Amino acid sequence: MLQQDETSPDAPGLARYVAVFGLTYGVALIVAGGVAALLQLDSGTGLSVATLLVSVLVSGRQFVIRQQRKPTRSERNRLALYCLGVSISVSCLFATAVIMMTAGIQGLHDVGVVFASLPWLAWVAIALFVSLLSFAVLLLGFGWLTGQYYGRLAGVDRAAD
């Protein structure tokens, strides 16, 4: 469960911003995936990073507008971690839905065959690398980018800690 920062009694609950992130991420994946499919574009890593950035910008902006400040270091870390979990969950649901719509049950079987073709340690390494990269993007978004937006909102160009 999302909890308030123990270091500040007035700290906001983070669930609202994680929900905004999740909703934005899901909509962005659907829109970007639809456009990529319509234009027959490769929707690899660029799609994931773009939807992640859009989502963190929207939710981070909401935080700054509602709280009139940038997130603390603790809030930034927790937002990034929670949003990483949400992005992984939404991405898995999206990928499963796309596979089911395009290839049906056989497509899921084919994915299982692909997973079986590499040792499990390789998949763990790939998942860890992608997760760390995504976490870094989220930290950047909830840190530096929200600091930039807060600076503009306050009329002073400030960066995050």
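Throughout, read-outs are computed from the coordinates displayed, never taken from laboratory work. These figures come from a predicted structure and were not determined experimentally. Positions of Cβ are generated from backbone atoms using ideal geometry, with glycine treated the same way; all protein chains shown enter the neighbour counts.
For the reader, a short list of remarks on this structure follows.
- Annotation: for a label point projected 7 angstrom from Cα along Cα→Cβ of Phe115, residues of region 71-88 with backbone N closer than 19 Å are 85-88.
- Debye, to nearest 20: dipole size of the chain, +1 on Lys, Arg Cβ, -1 on Asp, Glu Cβ: 440
- Amide N proximity, region 32-73 versus Val98 label position 7 Å along Cα-to-Cβ, cut-off under 18 Å: 32-55
- Relative frequency of Cα-Cα separations exceeding 19 Å in the chain, percent: 60
- By the count of neighbouring beta-carbon atoms within 10 Å, fewest first, Thr51, Thr102 end up ordered Thr102, Thr51.
- For region 58-102, size of Cβ-based charge dipole, Lys and Arg +1, Asp and Glu -1, in debye: 380
- Long hydrophobic helices in the chain, taken as whole DSSP H segments with a C-alpha length of 27 Å or more on their own axis and mean Kyte-Doolittle hydropathy at least 1.0: 15-38, 45-67, 120-140.
- Placing unit charges on the Cβ atoms of the charged side chains and taking the dipole of the chain about its Cα centre, the candidate lying farthest along the positive direction among Val49, Cys92, Trp144 is Trp144.
- If the segment from Val130 to Leu23 were pulled out straight at 0.36 nm per residue, it would be longer than the present Cα-Cα gap by 36.4 nm.
- Per residue Cα convex hull volume in Å³ - calculated over region 77-161: 109
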